[in-house]
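Quick note: the coordinates plus some simple rules give every number you see, no bench work behind them. Computed from a predicted structure; not experimentally measured. Using ideal geometry, Cβ is built from the backbone for each residue, glycine included, and neighbour counts are taken over all protein chains shown.
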Amino acid sequence: MRLIVFAVFLILSLFNGTSNAQSVQIVDQVMAVVGSNIILRSDIEKQYYQAIAQGEPRSQELKCYIFDQLLLQKLMINQAALDSLIVTDAQVDAELDKRMRYYVKQIGSEEKLEEYFHTTIVQLKSELRDAIKEQIIVQQMQSKITKDITSTPNDVREYFNSIHPDSVPYIDAEMEVAQIVRKPPVSAEEKKDVRARLEGYRKAIMDGGDFSVYAALYSDDKSTAKKGGELDFFERGMMVPEFEAVAFNLKPGEVSNVIETKFGFHILQLIERRGEQINVRHILLQPKISENDLRGAILFLDSIRTKIVLGNMTFEEAAEKFSDDEETRFNGGLMLNPETGTTHLSPDRMDRLLFFQVDTMTVGSISQPLLMTTQEGKNAYRLVLLKSKTKPHVANLKDDYQKIQEVALSEKQNKAMSDWIEKKSKNTYIQINDTMNNCPVLKHWMKESN
């Protein structure tokens, strides 16, 4: 759908302010007014140059296409305001966290992501926030418009039969993989030792030591340690609750007591407060998992695997009861493809280690406990079930009915969206700058703006 493609350009452009991929200076100008919303030349240019940085060829057609998508976005945002559609801070926070996890996974680590964009994760979230909220609004409006559209078996057959034989798509290999994760608990003794060490740093700082020096020397948060532990400005909802509960109650220069979060143990120092935003330094110490704890995780998963193999419980039941991975445990352990939202993973998009671990497995088999790294950067083990695996092939109704049904449904949704756009554009004030008259793709907007 047009909106799905638009989202790609939107996300690419969100980082434009922090990426060094684009240094062109843009003189701003209002290019369109849609209801109470405006589109600036800089909105188009930022997405244009970022698309070029991602490999798109330079062309006026690309600019026209981006502008067309922005007009559609603003039309939907305008209608959402009229319909009193509400997007909560919690929805935005959840989407931000999801995006950050995906970007970190793609680039390798939080530190690498921050180095690439020359800023912190917190600042990236801050810069993304408004754009993500608008995208959620657009997605919800799209869902509202197409919620009653369905694709029957007859629709699927008609759509597939309408495809020319030479144009039938080629389906890449895919896998469905489920997991049961065991994150070894940190021993009470290790936690006690780490807390004591951090208490020692705090005492030294309270006696006149420089917080930033201790952060640089000892913090396990390497991405901020090189800046003396400084996180940069953030607002409520951008950190874990335990961290925020302390940070927002500090006075400038004040050093907190030791606090514990899922990342480890911290001490904080408030640098500055600006309205609802604060800037703090922190020192993070992460308790280490012992070899005995790791061996314990292996033995635990071995026992679960035996129960599944003997038929005492299913893999799905074991995942829900025992897995420490909140994202998959209630989904039968099945991993989701973040790009499609489905459980079908293409080998070239999978984590390399996971792919090599499952590539030689047979469908229906369960692995021995396998080493993995959690999102918090800690070692853990997991059992992996290869639920399904397909070979590359030409699409057919028997093997690819669901995919073809999705495309057929998308076609019907596209038609519903086009009808909605035509109707709403007639009743919405739309004014387009004359300099865009040379874009054929904008004819349907130009007609309504005259």
>> Modelling each spin label as a point 7 Å along the Cα-to-Cβ direction, I'd like the Ser162/Leu85 distance in nm, to one decimal.
In response: 2.6
> From a point 7 Å beyond the Cα of Glu199 in the direction of its Cβ, which residues of region 258-297 have a backbone N at a distance under 11 Å?
Replying inline: 258
> Taking every pair of alpha-carbon atoms in region 283-411, what share in percent sits in each 10 Å bin, from 0 to the bin with the longest distance?
Replying inline: 10, 35, 32, 16, 5, 1
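Roughly how many debye, to the nearest 20, is the charge dipole of region 21-128 about its Cα centre, given +1 on each Lys and Arg Cβ, -1 on each Asp and Glu Cβ, and no other charges?
Values: 11 positive and 16 negative charges, 45 e Å.
Using only the charged Cβ atoms, the result is roughly 220 debye.
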> Once semi-axes √(5λ) of the Cα gyration tensor in Å is worked out from the coordinates, which option in [x] 42, 24, 21; [y] 43, 35, 18; [z] 38, 25, 21 does it equal?
Replying inline: [y]
>> So, R0 is 45 Å and r is the distance between the beta-carbons of Glu56 and Thr261; what FRET efficiency does that work out to, to 0.05?
In response: 0.65
> Full extension from Asp348 to Glu327: what is 0.36 nm times the residue separation minus their Cα-Cα distance, to one decimal in nm?
Replying inline: 5.4 nm
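Taking only C-alpha pairs under 8 Å that are 6+ residues apart, what is the relative contact order of the chain in percent?
Numbers: 613 pairs, mean separation 95.1, N = 450.
Result for the chain is 21 percent.
Assuming 0.36 nm per residue, please report the length gained on full extension of the stretch Thr150 to Met206 beyond their Cα-Cα distance. Write out the running numbers ahead of the final one.
Details: separation 56, 0.36 × 56 = 20.16 nm, distance 6.50 nm.
Gain on stretching Thr150 to Met206: 13.7 nm.
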> On full extension of the chain, what length is gained from Tyr116 through Ser410, given 0.36 nm per residue of separation minus the C-alpha to C-alpha distance?
Replying inline: 102.3 nm
>> With +1 assigned to the C-beta of every Lys and Arg and -1 to the C-beta of every Asp and Glu, and no other charges, what is the dipole magnitude of the chain about the Cα centre in debye, to the nearest 20?
In response: 140
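Near Lys222, within a Cβ-to-Cβ distance under 13 Å, what is the net charge of the other residues, with Lys and Arg +1 and Asp and Glu -1? Mind showing how you got there, number by number?
Details: positive: Lys112, Lys226, Lys227; negative: Glu110, Glu111, Glu114, Glu115, Asp220, Asp221.
My count for the surroundings of Lys222 gives -3.
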>> Residue by residue through region 358-374, what is 3J(HN,Hα) from phi via Karplus (6.51 cos²θ - 1.76 cosθ + 1.60, θ = phi - 60°)? Round to whole Hz and write x for glycine and proline.
In response: 9, 4, 9, 6, 9, 4, x, 8, 10, 6, 6, x, 10, 6, 8, 10, 7
>> Charges on Cβ only, +1 for Lys and Arg, -1 for Asp and Glu, centred on the Cα centroid of the chain; of Gly209, Val156, His282, which one is farthest towards the dipole's positive end?
In response: Val156
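Could you line up Trp445, Trp420 from fewest to most neighbouring Cβ atoms inside 10 Å?
Numbers: Trp445 22, Trp420 18.
Lowest count first: Trp420, Trp445.
Which FRET efficiency value, to the nearest 0.05, is calculated for Tyr218 and Leu310 with the Förster distance at 56 angstrom and r the Cβ-Cβ distance? Show your work: numbers first, answer last.
Values: r = 48 Å, r/R0 = 0.87.
Computed FRET efficiency for Tyr218 and Leu310 comes out at 0.70.
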> For region 188-285, what's the relative contact order in percent, using C-alpha pairs closer than 8 Å and at least 6 residues apart?
Replying inline: 31
> Given the rule -39500 (n - 2.57) for each run of at least 4 DSSP H residues, summed and divided by the residues of the chain, what is its mean residue ellipticity at 222 nm, to the nearest 500 deg cm²/dmol?
Replying inline: -16000 deg cm²/dmol
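Counting Lys and Arg as +1 and Asp and Glu as -1, what is the net charge of the other residues whose Cβ lies under 13 Å from the Cβ of Glu158?
Working: positive: Arg157, Lys412; negative: Asp155, Glu411.
Charge balance near Glu158 sits at 0.
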> With each label point set 7 Å from Cα along the Cα-Cβ vector, what nm distance links Ser143 and Lys288?
Replying inline: 4.5
>> Against the empirical 2.2 N^0.38 Å scaling, what ratio does the C-alpha Rg of region 118-258 come to?
In response: 1.81
> Separation of region 393-450 and region 67-102 by C-alpha centroid, Å?
Replying inline: 19
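Can you check what the net charge comes to around Val394, using other residues whose Cβ is under 13 Å from the Cβ of Val394 (Lys, Arg +1; Asp, Glu -1)? Before the final figure, lay out each step's value.
On the way: positive: Lys391, Lys398, Lys403; negative: Asp166, Asp172, Asp399, Asp400.
Charge balance near Val394 sits at -1.
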>> Testing the spin-label approximation: label points 7 Å from Cα along Cα→Cβ at Ser187 and Val33. State their distance in nm.
In response: 7.1
